[in-house]
1. Given the C-alpha centroids of the stretch A:160-207 and the stretch A:217-270, what is the distance between them in whole angstrom?
2. Relative to the present Cα-Cα distance, how much length would full extension add between B:T243 and B:L93 at 0.36 nm per residue of separation?
3. At what distance in angstrom do the alpha carbon centres of the stretch B:209-243 and the stretch A:92-134 lie from each other?
4. In whole Å, what three semi-axes, largest first, describe the equivalent ellipsoid of the stretch A:134-184 built from its Cα gyration tensor (square root of 5 times each eigenvalue)?
5. Return B:E225, B:E192, A:E229 ranked ascending by Cβ neighbour count within 10 Å, so the fewest neighbours appear first.
6. Separation between the B:R176 and A:C133 pseudo-spin-labels, each 7 Å from Cα along Cα→Cβ, expressed in nm?
7. Which of rounded, prolate or oblate describes the stretch A:104-173 when judged by the alpha-carbon gyration tensor and an a/c cut-off of 1.5?
8. I'd like the FRET efficiency for B:D114 and A:N285, computed as 1/(1 + (r/R0)^6) with the beta carbon distance as r and R0 of 35 Å, rounded to 0.05.
Amino acid sequence: MRRLALAALLLLTACSPNGCSLDPAVAAKTDPPAPATDPASAPGETEPATTPEAEPDAAPDPALEPEIPPPPEPASWPYDPSGTLPSGSGTGATDVTLWAAGMRFPMEAGPAYANSQVYGYGGYLAPGPGGQCDARNYAYPWRDNFCETRSWTNGMCPAGRGHQGQDIRPATCVKKVHWIAAAERGRITSIGSYTVTLLGDSGRIYRYLHMDMPGVNALFPTMDSRNVERGQRIGKVSADFGGNATTIHLHFEIKAPVSIGGAAASVNFVPVYTSLVDSYGRLLNGAA
Amino acid sequence: MGLRTSALAGTVIVAAVLAGVATSQQAAPSPVAATQIDLPRSRSDNAALGQARQDPLAARLRGVLAQDPASARVLAVADASPVPVLGPADPALLRTARIFTGDRHYMLVVQRGDDVIEIYGATKAFQSPLSAPAGQPSPNAPPTPGPAANRPATAAAAPPQGPRVLAARIPNTAARAVAEAQARGLTNIRTERTEYGIDVTFNRFGAAYNVSFICNGPGAAGCTEPEAVTFAATLQLLGGGGT
């Protein structure tokens with residue numbers, strides 16, 4: 001019976017936070033990554049047992065124990081699922097592929113609000129009266145607007161056309177204040193009248209629209225200055241639109257060569273919302 | 001005593017298993033990241049590339065460019081690229097060229113007046129694990145080879161959660177330009193009106209290409225669909241593509 005009790009205790013202590021699976025394959029999937037192998041240790045060698053800490057003689061008085069704060073909860077924010085567009089604004093992309101895994105969120109700091117410029121307050125198809133600085137535009141939840149009804153061609157949209165990127169408002173409704181960051185290391189290949197193109201080392205093409213263009217040109221006055229690191233400041237959010245008016249926001253899009261099914265690979269606008277959710281989560285949790 | 005010990009041990013085991021089950025519950029699975037694949041070059045792609053290397057027009061263009069130090073540098077970079085580098089046939093335009101290369105991709109950027117033209121090519125692609133397996137054509141994939149002209153965009157049901165690409169509608173006015181582009185070896189030609197101009201995507205030599213015209217908005221002078229397709233069709237092989 002003592003053996004049985006000992007076996008039970010061993011089983012209890014063997015349980016990782018991920019469970020008590022005895023299947024090595026499952027354990028390999030759920031355990032944290034193993035550290036690099038120590039070249040000094042031969043395969044099969046066992047590590048020397050660590051000396052257990054001495055047990056205190058008596059149970060400490062809980063009142064005297066220093067209070068250990070619980071680990072902080074991961075920061076989160078409300079967001080609508082990928083492909084779920086606000087009613088009346090079109091049909092979203094069904095694809096939830098993370099097309100730009102590890103991408104840096106394109107604004108330097110939060111909060112930021114992903115939602116529509118056209119179907120939001122102050123837009124020309126707004127749900128009601130209100131200006132672009134309406135507090136409801138500067139609030140969660142995030143809303144996907146890739147494939148939102150527009151005339152632009154977009155083969156990734158159920159309608160064959162739609163918005164080719166995601167609109168993101170900065171923390172406040174003020175121009176030329178909020179920094180925009182490079183999504184990955186690469187080169188700024190062109191600066192247009194309201195576009196900035198970043199060719200990432202991965203081969204993805206990132207395009208940023210409506211930035212403060214004089215500011216961008218001042219940051220990158222020469223071709224040699226246009227190599228950028230991931231997260232580097234590349235300009236500020238504004239409303240530049242080549243002489244036309246738009247709201248204060250960043251239009252962010254990604255184009256990349258994609259191979260889908262057995263079809264020939266083609267260079268496409270890819271749904272970007274999933275990658276933005278992923279990168280914003282990391283930004284909020286200090287791991288941008 | 002024995003019975004009590006057995007009961008205790010059983011309780012401990014059940015508690016341990018329950019604890020394991022409880023803590024093994026994970027959050028909803030995260031979205032699946034795209035992976036990268038090489039784009040294979042078929043025998044006919046190789047033949048087309050070999051033919052393009054022998055094209056007398058391309059040879060003359062290279063000769064002209066070699067005279068100019070800046071253009072010669074662009075040619076040297078293009079030659080080293082594993083991707084067949086396409087560039088405009090106009091030497092004046094090529095003198096404004098800057099070229100950027102990376103892992104199985106390149107971008108050649110030229111300035112045409114106020115417009116920027118970005119010519120991008122890749123011999124790799126990102127692939128979604130959610131799409132149909134390779135070798136099984138996606139039901140919504142654009143037809144290949146051939147233009148998408150006159151094929152209306154459809155709204156057929158997409159595979160659940162997987163990506164899809166619909167064929168773009170190309171107006172009849174651009175159909176002639178598309179036909180000429182096909183005759184020059186371009187396949188899967190699609191045009192996309194964008195927030196800043198127009199894009200043309202196509203395949204050639206087994207690689208995937210995109211030409212972005214960044215203009216003063218869509219439909220600006222020099223940025224119409226026929227003009228964009230014609231520009232893409234007249235791109236010349238500057239170099240690269242490996243052996």
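1. The two parts, judged by their Cα centres, are 3 Å apart.
2. Working: separation 150, 0.36 × 150 = 54.00 nm, distance 2.77 nm.
Gain on extension, B:T243 to B:L93, equals 51.2 nm.
3. The stretch B:209-243 and the stretch A:92-134 have Cα centres spaced 30 Å from each other.
4. They are 25, 15, 9 Å, listed largest first.
5. On the way: B:E225 22, B:E192 25, A:E229 11.
With the fewest neighbours first, B:E225, B:E192, A:E229 line up as A:E229, B:E225, B:E192.
6. 5.3
7. Working: a/c = 2.76, a/b = 1.32, b/c = 2.10.
Because a/c hits 1.5 or more and a/b fails to exceed b/c, the stretch A:104-173 counts as oblate.
8. 0.25
No value in this document is a laboratory result; all are computed from the given coordinates. Remember, it's a predicted structure, so these values are computed and weren't measured experimentally. All Cβ positions, even for glycine, are placed from backbone atoms using ideal geometry, and neighbour counts span all protein chains on display.
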